[in-house]
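Student: Questions regarding the structure given below will be posed in turn.
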Amino acid sequence: MTAVEWFDGSREGLAELFALADDSPAAVDAYRELGRVLVARDGGVVVGHLQLVGTDGGSEAEVKSLAVAEDRQGAGVGRMLVERAAAVCREEQLSTLVVATAAADTRVLRFYQLLGFRMLSVERDAFTPETGYPEIDVDGIPLRDRVWLSLEL
């Protein structure tokens, strides 16, 4: 059975999940220690994580990093993590949960929209070699732009 709980260990122990969530080691280094982290454990083994950080607005939170072990993707672990983060934000009387992801990754865009997130804005050229990202494509689509989505709580 998978349980979702707050993580209080060294975030170095989650390095593989952070790397799975973000193609830029420099970006991960810049934000890894921010905010709080929820983990999904199955039999004591961490199979997913969600990093939740505050924003400048004060009334919203951001899902900064979310990843599920590749062999557990599609099994509802990511949904459990996002639903728990949203519940925590509601308890804290926040109004909005935001997340940013690659415009090229239609699978991830679908995931968030199925959870109720809506498109908010597009940040062009966010994923370039100049910003620390390799030149790659996702299912044939060049990785360039970042899409922001929001969930009203």
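The values are calculated or read from the model by the stated rules, or taken from the named source; none is laboratory data. What you see is a predicted model, and the numbers here were worked out from it, not measured in a lab. FYI the Cβ positions are ideal-geometry reconstructions off the backbone, even for glycines, and counts take in every protein chain you see. Calculation scope for accessible area: heavy atoms of the full protein, side chains included, ligands and nucleic acids excluded. Shrake-Rupley method; radii C 1.70, N 1.55, O 1.52, S 1.80 Å.
Student: Could you go through segment 47-64 and let me know if any residue there is in contact (Cβ under 8 Å) with a residue 24 or more places away in the chain, in contact with a His (Cβ under 6 Å, 6 or more places away or on another chain) and farther than 23 Å from Thr131 by Cβ.
Tutor: Checked segment 47-64: no residue is in contact (Cβ under 8 Å) with a residue 24 or more places away in the chain, in contact with a His (Cβ under 6 Å, 6 or more places away or on another chain) and farther than 23 Å from Thr131 by Cβ.
Student: Contact list please: Cβ distance under 9 Å, first residue in segment 104-115 and under 14 Å from Gly74 (Cβ atoms), second residue of a type in the set (Val, Ile, Thr) and surrounded by fewer than 17 Cβ atoms within 10 Å (Cβ to Cβ), pairs at least six apart or on different chains.
Tutor: Listed by first residue and then by second, the contacts come to Arg107/Val138; Val108/Val138.
Student: If Ile141 passes every condition in (1) open to solvent by 30 Å² or more (accessible area, probe 1.4 Å); (2) under 16 Å from Leu20 (Cα atoms) but one, which one does it miss?
Tutor: (2)
Student: Only one of Leu94, Leu38, Leu52 is within 28 Å of Gly9 (Cα to Cα) and more than 13 Å from the chain's Cα centre (by Cα). Can you tell me which?
Tutor: Leu94
Student: Looking at (1) out of contact with any strand residue (DSSP E or B) (no Cβ under 6 Å at 6 or more places or on another chain); (2) closer than 21 Å to Val77 by Cβ; (3) open to solvent by less than 90 Å² (accessible area, probe 1.4 Å), which is the one condition that is false for Tyr133?
Tutor: Just one mismatch for Tyr133, condition (2).
Student: I would also like to ask the following. Out of everything in segment 31-56 that is touching a strand residue (DSSP E or B) at 6+ places or on another chain (Cβ under 8 Å) and of a type in the set (Gly, Ala, Ser), what residue ends up being nearest to Leu97 (Cα to Cα)?
Tutor: Gly54
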